[in-house]
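Asker: Input: one structure, supplied below.
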Amino acid sequence: MQNCLRGTTFVVAKAALVAALWLGVMPTVGQAQAYKAPRTADGKPDLNGIWEALNTANWDIQDHAARMGPMVALGAAFSVPAGLGVVEGNEIPYLPAAVAKKKENSEHWLTADPEIKCYLPGVPRATYMPYPFQIFQTPQYILMAYEFAGASRTIYMNSNQKSPNDTWMGWSVGHWDGDTLVVDVTSFNDQTWFDRAGNFHSDALHVVERYTPISPDALDYEVTIEDQKVFSRPWKMRMPLYRRLEKNAQLLEYKCVEFAEELMYGPLRKQSSK
Amino acid sequence: MSHRFLASMSALPVVIAIALLAPVRAAGQVQSAAEATPTVKTWTVPRTPDGQPDLQGIWSNGTLTPLERPRELAGKQFFTEQEAAEYEKRVLEHNNADRRDNQDAEADVALAYNNFWYDRGTKIVPTRRTSLIVDPPDGRIPPLTPEAHKREAARAEARHGRGAADSWEDRNLGERCLTRGAPKLPGGYNNNFLILQGPGYVAILQEMIHEVRVIPLDGRPHVSQNIRQWLGDSRGHWEGNTLVVDTTDFRDEIRSNAFNCCGGAGANLHLVERFTRVDNDTINYQYTVDDPTTFTRPWTVAVPLTKTPGPIYEYACHEGNYGMVGILSGARAEEKAAEEAAKTGPR
């Protein structure tokens, strides 16, 4: 994956440059909708395509300096890159009781992060993991297929159907607000995290995502996080998402269960057997 | 709904589940006679805005028809209407996991998933064929090639001395939550599919283990053989009103998939699927398995996809795989008990 990512950095970086120019011109995307996206047959902005975040939010959604990775043997190849946070104002308003839990998560990242076990990553983390995802847009359903873990979610447009149960990827109901796709996500379990830094939520999590085209090859992605059991007030993350421009871009399999089995089941292997 | 088990109170949740999940069909609607007969009514295939036949929506391939024709039905390609009804009744009774007529512990554990969890459908395929395999005519997976026999023997040899659960690698791909394969055969539950069509793509979400198949329609070549995938690499095109999907680049390990569509085919599998919408509620679906290093001839399966209201459920397989921990722990505990018994036993 790392190679794959490196190989595409130039293309993505170019898109990033274009987007950065756009963002520079329009710091408040929501207010000044200068860009008019191409339309689908039903007149909605066309979000179809393969997209990817280009940031280090999966390491830590807050500001963080570079630091050594968890494995000595991997040296510089798998250490932690620095990153500007994606949290608005950089502060996450944890309730006092939740601060300790975040710290504990962070300290026990390697055993506690659901990513390590190849669990479904939840929303919004799935969006900014360092893997592409693809949007299939129709008037009734929007399917988001993520390369990581083969995760996916179905967004029911303008639906009042309730979730039949709690889930890893949430229950997504969408509608259009002008040129913005708004997705209201509920019915989460309390098992997923926001990043490898141990930022977490409870099963009271309520996520509102806003996807707004800002150029042919970039979306503005804004997420509001609300969880009264963990946070004292709603807070926001924001980042651009870039189109994968390779002519032959396609999602490949990253069915990572087999990469986690030794870790998860190794102690239960028959001792004499290899 | 005249089946006896449905009348019992304990089956009430099943009735509800079936009412919720069963394909919606207008009463009295004639089911299309599938493979041979194209629709003759005035129905015309709906189209997407860009003119493709519209396959979109949530579909189920649940059916009581077995993949292979049971031996006792050799020579019988189709049921009569009455035979079909009797067969369905028999299968439903046999599958009824709410039975507790044999009350020893082992039988009880084997029925741990009671009927509430199952959603196989209640009918055989509308053609009343006795197998999903339509070719060869005997409804059976064709014989293996000599090469495949040799390979199987070598594999059995390599497994010699291993237990059923020495490691997770001794368990099948489905139990490990790695894949249920593409295409996914009808099974006990979660037989649902969401099909969406975007510009240049068809996406098929298989509810079972949330596997998404992305099928580009732009004529691009397959990825190189260096990239082998559990679901292969699919490319699609339209032949008239039929979506034809060509898939290669499978991983060889799909052979060991107990839930496999393709009966032990491996890396050389060339899969060709055909989707044809024949009425509002039905897609005629066929796939052909061609792996000359495994089978003496290609073979073809036909199973209709029937519209179902949904929604698609999240099947988080790996995340809830307590079964794997249980299987491995159980095997280790048995070994330990056997060791203890050997120490103290013969005295």
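Each reported figure results from applying straightforward, stated rules to the coordinates on display, with no laboratory input. This one's a predicted model, so the numbers in the text were calculated from it and none came from an experiment. Heads up, the Cβs are rebuilt from the backbone with ideal geometry, glycines too, and the neighbour counts pull from every protein chain shown.
Asker: Counting only other chains, and only Cβ atoms inside 10 Å, what mean value do you get across the residues of B:330-336?
Answerer: Numbers: counts 1, 3, 5, 0, 0, 3, 0.
Going residue by residue through B:330-336 and averaging, the value is 2.
Asker: Less than 11 Å Cβ to Cβ from A:P213, Lys/Arg counted +1 and Asp/Glu -1: what total charge do the surrounding residues give? Intermediate values should be presented prior to the final figure.
Answerer: Values: positive: A:K36, A:R39, A:K44, A:R243; negative: A:D46, A:D179, A:D217, A:D220.
Here the count lands on 0.
Asker: Another question, then. Once you treat every alpha carbon in chain A as an equal point and sum by Debye, what is log10 I(q)/I(0) at q = 0.08, 0.15, 0.17 Å⁻¹?
Answerer: At q = 0.08, 0.15, 0.17 Å⁻¹ the computed log10 ratios are -0.34, -1.24, -1.60.
Asker: A further question follows. Nearest 20 debye, what's the magnitude of the dipole of the protein assembly as shown about its Cα centre given +1 on Lys and Arg Cβ and -1 on Asp and Glu Cβ? If you can, show how the numbers build up before the last one.
Answerer: Working: 65 positive and 75 negative charges, 103 e Å.
That gives a dipole near 500 debye.
Asker: Just the Cα atoms of the stretch B:95-177, one point each, no solvent: what log10 I(q)/I(0) does Debye give at q = 0.13 Å⁻¹?
Answerer: Debye curve over Cα of the stretch B:95-177, log10 I(q)/I(0) at q = 0.13 Å⁻¹: -0.89.
Asker: To continue, here is another question. For the stretch B:64-74, in order, what is each residue's ³J(HN,Hα) by Karplus, 6.51 cos²θ - 1.76 cosθ + 1.60 with θ = phi - 60°, in whole Hz (x at glycine and Pro)?
Answerer: So the Karplus estimates, Gly and Pro as x, are 8, 6, x, 4, 9, 5, x, 3, 5, 9, 3 Hz.
Asker: Using the Karplus curve 6.51 cos²θ - 1.76 cosθ + 1.60 with θ = phi - 60°, what ³J(HN,Hα) values do you get for each residue of the stretch A:169-178, in whole Hz, with x for Gly and Pro?
Answerer: With coefficients 6.51, -1.76 and 1.60, one gets 9, x, 10, 10, 10, x, 7, 9, 10, x Hz.
Asker: Enter the mean projected area of the convex hull around the alpha-carbon atoms of the protein assembly as shown, in nm², rounded to one decimal.
Answerer: One quarter of the hull surface, i.e. the mean projection, equals 33.2 nm².
Asker: Another one. Looking only at Cα atoms, what is the convex hull volume of the stretch B:240-289 per residue, in Å³? Before the final figure, lay out the partial values.
Answerer: Numbers: hull volume 3.8 nm³, N = 50.
Spread over its residues, the Cα hull of the stretch B:240-289 gives 75 Å³ apiece.
Asker: How large is the Kirkwood hydrodynamic radius of the stretch B:59-141, in angstrom, based on all distinct alpha carbon pairs? All intermediate terms of the calculation are to be shown ahead of the outcome.
Answerer: Numbers: mean 1/r = 0.0706 Å⁻¹.
It works out to 14.2 Å.
Asker: Moving to a separate point now. If you count the DSSP beta bridges with both ends in the protein assembly as shown, what percent of them are antiparallel, to the nearest 5? Could the numbers behind the result be given before it?
Answerer: Details: 102 of 108 bridges.
Counting DSSP beta bridges with both partners in the protein assembly as shown, the antiparallel share is about 95 percent.
Asker: Roughly what angle does helix B:322-344 make with the longest principal axis of chain B, taking Cα atoms, 0 to 90 degrees, to the nearest 10?
Answerer: It is inclined by approximately 20 degrees.
Asker: Do you know the relative contact order of chain A, to the nearest whole percent, from alpha carbon pairs under 8 angstrom that are 6+ apart?
Answerer: Values: 531 pairs, mean separation 61.6, N = 274.
Once normalised by length, the contact order is 22 percent.
Asker: What are the ³J(HN,Hα) values, in whole Hz, obtained from phi via the Karplus relation 6.51 cos²θ - 1.76 cosθ + 1.60 with θ = phi - 60°, for each residue of the stretch B:247-256 in sequence order, with x given for Gly and Pro?
Answerer: Rounded to whole hertz, the list is 10, 9, 6, 6, 6, 5, 5, 4, 3, 8.
Asker: Would you mind checking which residues have amide H under 5 Å from B:F295's amide H? H placed 1.01 Å from N; only 5 or more apart, or other chain.
Answerer: B:T145
Asker: Next question. Based on alpha-carbon centroids, what's the gap between the stretch B:280-312 and the stretch A:138-201 in Å, whole number please?
Answerer: Cα centroid of the stretch B:280-312 versus Cα centroid of the stretch A:138-201: 30 Å apart.
Asker: For the stretch B:149-259, what's the radius of gyration and Dmax over Cα atoms, in angstrom?
Answerer: 16.8, 54
Asker: Enter the per residue convex hull volume of the stretch B:57-316, computed from alpha-carbon coordinates, in Å³ rounded to the nearest integer. Provide the component values of the computation, followed by the final result.
Answerer: On the way: hull volume 42.5 nm³, N = 260.
Residue-normalised Cα hull volume stands at 163 Å³.
Asker: When Cβ neighbours within 10 Å are restricted to other protein chains, what is their mean count per residue of peptide A:225-232? Present the calculation step by step, with values, prior to reporting the outcome.
Answerer: Values: counts 0, 0, 0, 0, 0, 0, 0, 0.
So the per-residue partner count for this stretch is 0.
Asker: Still on this structure, I have one more. If each residue's Cβ is checked for other Cβ atoms within 10 Å, how do A:K36, B:K76, A:K103 rank with the fewest at the top?
Answerer: Working: A:K36 9, B:K76 15, A:K103 12.
Fewest to most other Cβ atoms nearby, the residues stand as A:K36, A:K103, B:K76.
Asker: Per residue of A:148-158, what is the mean number of Cβ atoms on other protein chains within 10 angstrom of that residue's Cβ? Show your work: numbers first, answer last.
Answerer: Working: counts 0, 3, 9, 4, 9, 4, 11, 0, 3, 0, 0.
What the average comes to for A:148-158 is 4.
Asker: Would you mind calculating the relative contact order of chain B from Cα pairs under 8 angstrom and at least 6 residues apart, reporting the percent as a whole number?
Answerer: Working: 600 pairs, mean separation 72.9, N = 347.
21 percent.
Asker: Under the classification rounded if a/c is under 1.5, otherwise prolate if a/b is larger than b/c and oblate if not, where does the stretch A:88-137 fall, given a ≥ b ≥ c as square roots of the Cα gyration tensor eigenvalues? Can you show the working numbers first?
Answerer: Numbers: a/c = 2.92, a/b = 1.49, b/c = 1.96.
Taking the square roots of the gyration eigenvalues as a ≥ b ≥ c, the stretch A:88-137 is oblate.
Asker: With everything on Cα atoms, drop me the angle between helix A:2-25 and the longest principal axis of chain A, reported from 0 to 90° to the nearest 10.
Answerer: Relative to chain A, helix A:2-25 is tipped by roughly 40 degrees.
Asker: If you average over every viewing direction, what projected area does the convex hull of the Cα atoms of the stretch B:172-327 give, in nm²? Walk me through the numbers before you get to the answer.
Answerer: Values: hull surface 40.7 nm².
Computing the convex hull of the Cα atoms and averaging its projections yields 10.2 nm².
Asker: How large is the dipole of chain B about the Cα centre if only Lys and Arg carry +1 and Asp and Glu carry -1, each at its Cβ, rounded to the nearest 20 debye? Before the final figure, lay out each step's value.
Answerer: On the way: 39 positive and 45 negative charges, 65 e Å.
Rounded to the nearest 20 debye, it is 320 debye.
Asker: Where does helix B:81-95 land angle-wise versus the long Cα axis of chain B, in degrees 0 to 90, nearest 10?
Answerer: 30 degrees
Asker: Return the long-range amide H neighbours of B:G198 (sequence gap of 5 or more, or a different chain), with a cut-off of under 5 Å between placed amide H atoms.
Answerer: Result for B:G198 returns B:A203.
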